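Notes for the one structure printed next.
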Amino acid sequence: MQRDRAHWVIATKFGHHFNAPFQRTEPREPADIQRQLEDSLKALRTDYVDLLQYHSWGDKDFDRDDVRLACEKLLQSGKVRHLGNSIGSNDNLHQVEASERYHVEAIQLIYNRLDRKPEERVFAACQKQDLGVLARVPLASGFLSGKYKPGATFPEGDVRHNWKDPNRDQKLAEVQRLAQSEVPPGVPMARWALAWCLQHPAVSCVIPGCKSVQQVEDNARAADLDLVRADHPQAWKNRDEG
């Protein structure tokens, strides 16, 4: 089935297979890639996807010749327009630097105001190869929404309930500091956090979660903020000072 997709970009991944909440298997054979793509095409009701991404593959699996060949065949089939790599570690320079050899054109990684690791060396490697960068977890799993304070707890069934992060309250305290020192007056913190990611010249887009149409619309408004430019987001503070 073919649709009018002039304004759509459909992306999916292959690798993890969830059997139940928090329960997944790791099918990593070439046949699994083909099967997962076909399942995605059926679920999405489309004949092709614009971007098919590795899903947090370790270097050993990522470097397999049979895996690379399977991906190349999918490109040749027309069912996949471009390949991407959602790296498990946002500092996996090996896989980023191998992108051209593996026909990878986009890198997905964790990047947000609380986790800036990609700025150290991965972003430079992406820019050198002209790779698209998709920043996932841009709201730091909701911490940068501004909704939570130190001491916050999460119910069972929420992935954050299982986190064993001894620095969680420190991160939430840092969020409160950011709200006072970096977020412009009158701008929702979540919108600012998305714009903060977009202001980096290496970042092509952000991938925030959403539970309603209203959240989708609010997230999209981040692109309208003045922060989305080649300056650091704190530049808003300097306009009156300069």
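The values are calculated or read from the model by the stated rules, or taken from the named source; none is laboratory data. In this text the structure is predicted, and so the values were computed from the model without any measurement. FYI the Cβ positions are ideal-geometry reconstructions off the backbone, even for glycines, and counts take in every protein chain you see.
Taking residue 84 as the residue in question, decide whether it is under 14 Å from the mean Cα position of the chain (by Cα), at pLDDT 95 or above, buried (at least 17 other Cβ atoms within 10 Å of the Cβ) and over 21 Å from residue 196 (Cβ atoms). When the stated conditions are applied, residue 84 passes them.
Restricting attention to segment 28-69 and to residues that are closer than 21 Å to residue 89 by Cβ and in a loop (DSSP other than H, G, I, E, B), the residue that is farthest from the chain's Cα centre (by Cα) turns out to be 64. Taking residues in segment 139-158 that are surrounded by 11 or more Cβ atoms within 10 Å (Cβ to Cβ), and partners anywhere that are of a type in the set (Phe, Trp, Tyr), the pairs with Cβ atoms closer than 7 Å and at least 6 places apart or on different chains are 142/148.
Within segment 43-76, work out how many residues are among the β-branched types (Val, Ile, Thr) and under 17 Å from residue 106 (Cα atoms). Qualifying residue count for the region: 1. Taking the criterion of being assigned to a loop (DSSP other than H, G, I, E, B) and either closer than 17 Å to residue 79 by Cα or modelled with pLDDT under 75 (or both), the residues of segment 4-22 that qualify are 4, 5, 6, 7, 8, 9, 10, 21, 22.
Counting only helices (runs of 4 or more DSSP H) wholly contained in segment 159-242, the ones carrying 2 or more residues that are modelled with pLDDT under 75 occupy 235-241. All of (1) in contact with a strand residue (DSSP E or B) (Cβ under 7 Å, 6 or more places away or on another chain); (2) closer than 25 Å to residue 112 by Cα; (3) surrounded by 15 or more Cβ atoms within 10 Å (Cβ to Cβ) hold for residue 9 with one exception: (3). A search for C-beta distances below 7 Å between a residue of segment 50-76 that is in contact (Cβ under 8 Å) with a residue 40 or more places away in the chain and at positive phi and any residue that is among the aliphatic types (A, V, I, L, M) and in a strand (DSSP E or B), counting only pairs 6+ apart in sequence or on different chains, returns nothing.
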